[in-house]
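Comments concern the structure below.
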Amino acid sequence: MALLIDGPRVPAKSRATKQLVVFLHGYGADGNDLIGIAKQWQNLMPDAAFVSPHAPEPCAQAPSGRQWFPLTMRDENERWTGVNKATPVLNEFLDSELNRHRLDDSKLVLVGFSQGTMLALHAGLRRARAPAGILGYSGVLVGPEHLSQASARTPVGEPPPILLVHGSEDDVIPTEALFLSAEALAKAGIACQWHLSTGIGHGIDGPGLMHGGIFVAKCFKLKLGLEAKVRI
């Protein structure tokens, strides 16, 4: 049986949950690292509930943090092995959360950062039914040669929409990862939008958050106000 995970939550602002946003944190962090984004996105999607689970394993390099899988850089297959091992754990959590809110995958968006993006892309593209969207900050597509396995489709038979956001000065996961990931997805017939945050390192800036929030709202087919459209 997969390990149970949990983490901080922010309920829907309207108290009537119609969508679910799940944040997947980076290596050495925990669920508290991303949950604050919920407060910045609530006005765009007042019916969305947010949850940011802690990864299942303690992090060897950051004892107070967590990891979805080890990153020792000693094994070239480490990332591929890791996302495959972590996916059942995440899927059990996603299924439980969706059932709890009486929602299906068409009302789910996965948002990852760094290692969390690796997992969001891998798991989201392989769900039995595609989520409404996948948003990845500062990450990379793991195992692009295996995209033939990415069989998740929306009710209209399409892969989930994807937005990748990356800092132009990222020294942890180089900016090249953004373009390589987008190119691999395109070759596999999976549409991918991307945004480059100029001058930003391994992190998320204001414009990146705004682009991400609007992307998520559009995945949920929400109508955006004039202010949101102008700010992007």
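Quick note: the coordinates plus some simple rules give every number you see, no bench work behind them. Given the structure is predicted, the values throughout are model-derived calculations rather than measurements. Here Cβ is always computed from backbone atoms with ideal geometry, including for glycine, and neighbour counts include all displayed protein chains.
Just a few scattered comments:
- Option label - log10 I(q)/I(0) by the Debye sum over Cα atoms at q = 0.09, 0.11 Å⁻¹ computed here, alternatives [x] -0.53, -0.72; [y] -0.45, -0.64; [z] -0.32, -0.49: [z]
- Each Lys or Arg adds one and each Asp or Glu subtracts one; over the other residues with Cβ under 11 Å from the Cβ of R127, this totals 0.
- Alpha-carbon spread of the stretch 127-179, three principal axes, descending order, Å: 38, 22, 14
- If a spin label sat at a point 7 angstrom from the Cα of M73 along the line to its beta carbon, the backbone N atoms of the stretch 107-129 nearer than 17 Å would be those of 114-115.
- Over the stretch 1-128, the Kirkwood radius and the radius of gyration, each from Cα atoms, give a ratio Rg/Rh of 0.97.
- Chain lengthening between S64 and R153 when straightened (0.36 nm per residue, less Cα-Cα): 28.3 nm
- Percentage relative contact order, the chain, counting C-alpha pairs under 8 Å, at least six apart: 16 percent
- Close Lys pairs in the chain (alpha-carbon distance under 12 Å; sequence gap of 8 or more, or different chains): 6.
- Burial ordering of K218, K39, fewest other beta-carbon atoms within 10 Å first: K39, K218
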